[in-house]
Amino acid sequence: MKNSLTKIKSKNKIVSDMIRVNQAGEFGAQKIYEGQLAVLNNDKTILDMLKQEKKHLDTFNKILIKRGIRPTALSPLWSLGGYLLGVTTALIDRKAAMACTVAVEEVIEKHYRDQQEILNEDDSEKELLEIIEKFRDEEIEHKNTALDHDAQGTKGYKLMTKGIKRITKLAIFLSKKI
């Protein structure tokens with residue numbers, strides 16, 4: 001009995017951490033696009049991606065509330081950091097803004113895939129699994145859109161995306177913990 005209770009608590013913590021970090025990630029993504037739009041006024045491609053990120057964020061906000069999961073305490077940092085990352089990449093040029101999208105979405109694609117593997121182990125979180133699968137597909141679309149808009153043509157593409165990927169991975173790690 002004690003062992004099965006421990007397993008349930010452990011699974012609940014894993015799922016709570018998933019939801020917390022996904023909400024934080026969608027919040028950060030929204031801020032990145034808002035920063036980019038502050039420089040690249042009314043860029044239709046970025047506006048379209050922002051609309052999807054807002055839907056993702058709204059979904060995870062509702063799940064947080066419904067399940068009584070606290071958001072990360074780092075939201076103010078992700079707000080400022082995401083916005084500044086968006087502004088900075090857009091100030092370089094549009095290709096750099098697209099490179100930022102590629103870097104973030106490659107990390108998120110893997111992050112969501114890892115979550116899918118965990119959730120596929122049992123049927124108790126089927127609704128969450130479906131949401132993550134849908135959002136992962138949309139994040140892949142964002143990455144492909146950015147690639148179609150010459151993200152790789154930005155000067156210093158490899159170095160820039162490597163740095164942004166590291167920042168994104170750190171944000172995921174910290175959002176699970178804090």
List the number of the failed condition for Thr145; all other conditions in (1) more than 22 Å from Leu57 (Cβ to Cβ); (2) in contact with a helix residue (DSSP H, G or I) (Cβ under 9 Å, 6 or more places away or on another chain); (3) touching a residue at least 40 places away in the same chain (Cβ under 8 Å) hold. (1)
Working carefully through the options Lys158, Lys110, find the one that is under 23 Å from Asn12 (Cα atoms), of a type outside the set (Gly, Ala, Ser) and either outside any helix (DSSP H, G or I) or free of Cβ contacts under 8 Å to residues at least 24 places away in the same chain (or both). Lys110
Set Glu121, Glu127: member being assigned to a loop (DSSP other than H, G, I, E, B) and free of Cβ contacts under 8 Å to residues at least 40 places away in the same chain: Glu121
Which residues, taken from the range 39-73, are touching a helix residue (DSSP H, G or I) at 6+ places or on another chain (Cβ under 6 Å) and hydrophobic (A, V, I, L, M, F, W, C)? Val39, Leu40, Ile46, Met49, Leu50, Leu57, Phe60, Ile63, Leu64, Ile69
Output for the range 119-166, where each listed residue is touching a Leu at 6+ places or on another chain (Cβ under 8 Å) and crowded, with 16+ Cβ neighbours inside 10 Å: Leu119, Glu125, Leu128, Leu129, Ile132, Ile164
Looking at (1) crowded, with 16+ Cβ neighbours inside 10 Å; (2) more than 30 Å from Ser124 (Cβ to Cβ), which is the one condition that is false for Lys51? (1)
Considering the range 63-119 alone, what residues qualify as being under 17 Å from Ala146 (Cα atoms), more than 13 Å from the chain's Cα centre (by Cα) and either basic (Lys, Arg) or modelled with pLDDT under 95 (or both)? Arg94, Lys95
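The values are calculated or read from the model by the stated rules, or taken from the named source; none is laboratory data. Computed from a predicted structure; not experimentally measured. Every residue, glycine among them, receives a Cβ derived from its backbone with ideal geometry; neighbour counts consider all protein chains shown.
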